[in-house]
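**Student:** Dropping the structure in here first, questions after.
The values are calculated or read from the model by the stated rules, or taken from the named source; none is laboratory data. These numbers come from a predicted model, not from an experiment. We place every Cβ from the backbone using ideal geometry, glycine too, and count neighbours over all the protein chains shown.
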Amino acid sequence: MKYDYLIVGAGLYGAVFAREAVNAGKKVLVVEKRPHIAGNVYTEDVEGINVHKYGAHIFHTNNKKVWEYITKFAEFNRFTNSPVANYKGELYSLPFNMYTFNKMWGVVTPEEAAAKIEEQRKEIKGEPKNLEEQAISLVGRDIYEKLIKGYTEKQWGRDCKELPSFIIKRLPVRLTFDNNYFNALYQGIPVGGYTKMVENLLDGIEVRLDTDYLKNKQELDEIADKVVYTGPIDAYFDFSLGTLEYRSVRFENELLDIPNYQGNAAVNYTDRETPWTRIIEHKWFEFGKDKDGNDIPKTVISREYSSEWKPGDEPYYPVNDEKNGALYAEYKKLADKEQNMIFGGRLGEYKYYDMDAVIASALDMAEREL
Ligand code: FAD
Ligand code: UDP
């Protein structure tokens, strides 16, 4: 055998596993069907701006081991995610915090804000039965109507009364002037872009781009002892049990000849009428500076639309409902029977993984395997 491991997919999972395998003295080949490395964290330089091509990615983690690992491959800047909500031209601070409550109701103290929420949540009696009731019982009807209802219905394509309440539970509600979206200990954007970070992970490792493993399976299987597969698990089995569903997003990118479009990396459009859910202005992930520290005269924005997924589209978010969970469990049984195959990552395990979780998972697998 020419290689110890064939790694399918040059995303974060594949790149971390490849790095660890090579460090353990193994011979490794990475194949990637796209024309570039880095999977969904891929960034592309446009006029000195690192554009997040598959959606905005903000690294955040409480896992010290992951942080110490990944900072060997990139320096991270001090970016903190603080999105702004735009409701018909009214701007609000997110996540829900004292700035939001002050703008919404004119309240000044945390006590006044708490009293206002208390008064509005009274309309919900008993356990919240759906997302609408959950949201009102968390922050009251005013915030629900202006900052939650429209955004959520656009994002999920369904009425808030038909959505499960857990979706909204992970949004923080704070009676302090803290508008850091994440509660993580470590947060930032890799200086020079995510692509550079993955390049560093793959340094010295043989990578074949534009190579679809499933179309060349037999010959690729013959040159390696083991395969680490990070593509969709249902595609591996030729969709024999049916197709796993995804929620999809669509981006419209625009290069503008102005230095500052919206003054923030992310603005959420929370009314129902604006067709996009949010606009990302990529330069603000790196404070508007190019790699030499100069102000960038242009800007790139991406309007993000939620879209219905159909087979053949780019898979983004796994749908964690009962039907898809049960189908995945059936595929997992088949996967467990495969010889010399490891299924990993967000597509291989059909699991919504943040970047830190996917790195942790690849490191765990490497520890068990190598
Ligand atoms: P991927 O990046 O998908 O890599 C899999 C690779 O395998 C791809 O490059 C694919 O082309 C390749 N492949 C598939 N099939 C084949 C085949 N047959 N042959 C060869 N190659 C193949 N996480 C955060 O922590 N913070 C965020 O802010 C954040 N924002 C996100 C926003 C969006 C819109 C999305 C969708 C995800 C976001 N994530 C975020 C999650 C993050 O993108 C994932 O954790 C990470 O990209 C998963 O890495 P992976 O290697 O498992 O998968
Ligand atoms: N949400 C909202 N208004 C906002 C931002 C989020 O109502 O301005 C809701 C929406 O239902 C979303 C959920 O909160 O699905 C979780 O938001 P988060 O940003 O964590 O989710 P993501 O957009 O990453 O799926």
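**Student:** If we scan the stretch 96-112, do we find a residue that is surrounded by 20 or more Cβ atoms within 10 Å (Cβ to Cβ) and of a type in the set (G, A, S)?
**Tutor:** No, every residue in the stretch 96-112 fails to be surrounded by 20 or more Cβ atoms within 10 Å (Cβ to Cβ) and of a type in the set (G, A, S).
**Student:** Mind listing just one residue for me: the one in the stretch 23-33 that is near ligand 1 (Cβ under 6 Å from one of its atoms) and charged (D, E, K, R) and, of those, farthest from D292 (Cα to Cα)?
**Tutor:** K33
**Student:** Please indicate, with yes or no, whether at least one residue in the stretch 34-52 is surrounded by fewer than 23 Cβ atoms within 10 Å (Cβ to Cβ), within 11 Å of ligand 1 (Cβ to nearest atom) and over 16 Å from R208 (Cα atoms).
**Tutor:** yes
**Student:** Tally the residues that are surrounded by 19 or more Cβ atoms within 10 Å (Cβ to Cβ) and at positive phi, restricting the search to the stretch 233-251.
**Tutor:** Residues in the stretch 233-251 being surrounded by 19 or more Cβ atoms within 10 Å (Cβ to Cβ) and at positive phi: 0 in total.
**Student:** Can you pull out the residues in the stretch 155-175 that are of a type outside the set (A, V, I, L, M), in contact (Cβ under 8 Å) with a residue 40 or more places away in the chain and outside any helix (DSSP H, G or I)?
**Tutor:** Residues satisfying the conditions are G157, P172, R174.
**Student:** Please find, within the stretch 61-116, the residue that is farthest from ligand 1 (Cβ to nearest atom) out of those that are basic (K, R) and more than 27 Å from the chain's Cα centre (by Cα).
**Tutor:** K116
**Student:** Here's something else I'd like to know. So D178 fits all but one of (1) more than 21 Å from D354 (Cα to Cα); (2) in a strand (DSSP E or B); what number is the exception?
**Tutor:** Evaluating D178 over (1) more than 21 Å from D354 (Cα to Cα); (2) in a strand (DSSP E or B) leaves (2) as the failure.
**Student:** Could you name every one of the helices (runs of 4 or more DSSP H) located completely within the stretch 284-370 that has at least 1 residues being away from ligand 1 (no atom under 14 Å from the Cβ) and at pLDDT below 95?
**Tutor:** Ranges flagged: 322-337.
**Student:** Considering only residues that are assigned to a strand (DSSP E or B) and of a type in the set (D, E, K, R), look in the stretch 265-283 and name the one that is nearest to ligand 2 (Cβ to nearest atom).
**Tutor:** R278
**Student:** Still on this model: Just a yes or no: is a residue in the stretch 255-267 over 21 Å from Y316 (Cβ atoms), near ligand 1 (Cβ under 10 Å from one of its atoms) and of a type outside the set (D, E, K, R)?
**Tutor:** Taking every residue of the stretch 255-267 in turn, none turns out to be over 21 Å from Y316 (Cβ atoms), near ligand 1 (Cβ under 10 Å from one of its atoms) and of a type outside the set (D, E, K, R).
**Student:** Further question: Considering each residue of the stretch 233-261, count those that are in contact (Cβ under 8 Å) with a residue 60 or more places away in the chain, touching a strand residue (DSSP E or B) at 6+ places or on another chain (Cβ under 9 Å) and not aliphatic (A, V, I, L, M), and give that number.
**Tutor:** Summing the residues that are in contact (Cβ under 8 Å) with a residue 60 or more places away in the chain, touching a strand residue (DSSP E or B) at 6+ places or on another chain (Cβ under 9 Å) and not aliphatic (A, V, I, L, M) in the stretch 233-261 gives 7.
**Student:** Residues being in contact with a helix residue (DSSP H, G or I) (Cβ under 6 Å, 6 or more places away or on another chain) and either within 13 Å of D234 (Cβ to Cβ) or within 16 Å of ligand 2 (Cβ to nearest atom) (or both): count how many of those fall in the stretch 336-354.
**Tutor:** 4
**Student:** Go through the stretch 1-26 and count every residue that is assigned to a loop (DSSP other than H, G, I, E, B) and either touching an Asp or Glu at 6+ places or on another chain (Cβ under 6 Å) or under 19 Å from I359 (Cα atoms) (or both).
**Tutor:** Of the residues in the stretch 1-26, 6 are assigned to a loop (DSSP other than H, G, I, E, B) and either touching an Asp or Glu at 6+ places or on another chain (Cβ under 6 Å) or under 19 Å from I359 (Cα atoms) (or both).
**Student:** A further question on this structure: Can you pull out the residues in the stretch 261-286 that are surrounded by fewer than 14 Cβ atoms within 10 Å (Cβ to Cβ) and farther than 22 Å from E308 by Cα?
**Tutor:** Once the filter is applied, which keeps residues that are surrounded by fewer than 14 Cβ atoms within 10 Å (Cβ to Cβ) and farther than 22 Å from E308 by Cα, the stretch 261-286 yields only G263.
**Student:** Pick out the one residue from P95, P83, P110 that is in contact with a Leu (Cβ under 8 Å, 6 or more places away or on another chain) and either among the basic types (K, R) or away from ligand 2 (no atom under 14 Å from the Cβ) (or both).
**Tutor:** Matching residue, one of P95, P83, P110: P110.
**Student:** Here's something else I'd like to know. Do any residues in the stretch 27-39 that are among the charged types (D, E, K, R) have Cβ atoms under 7 Å from those of residues that are surrounded by 23 or more Cβ atoms within 10 Å (Cβ to Cβ), where the two are at least six apart or on different chains, and which pairs are they?
**Tutor:** As it stands, the answer is E32/G9; E32/A10, since those pairs meet every condition given.
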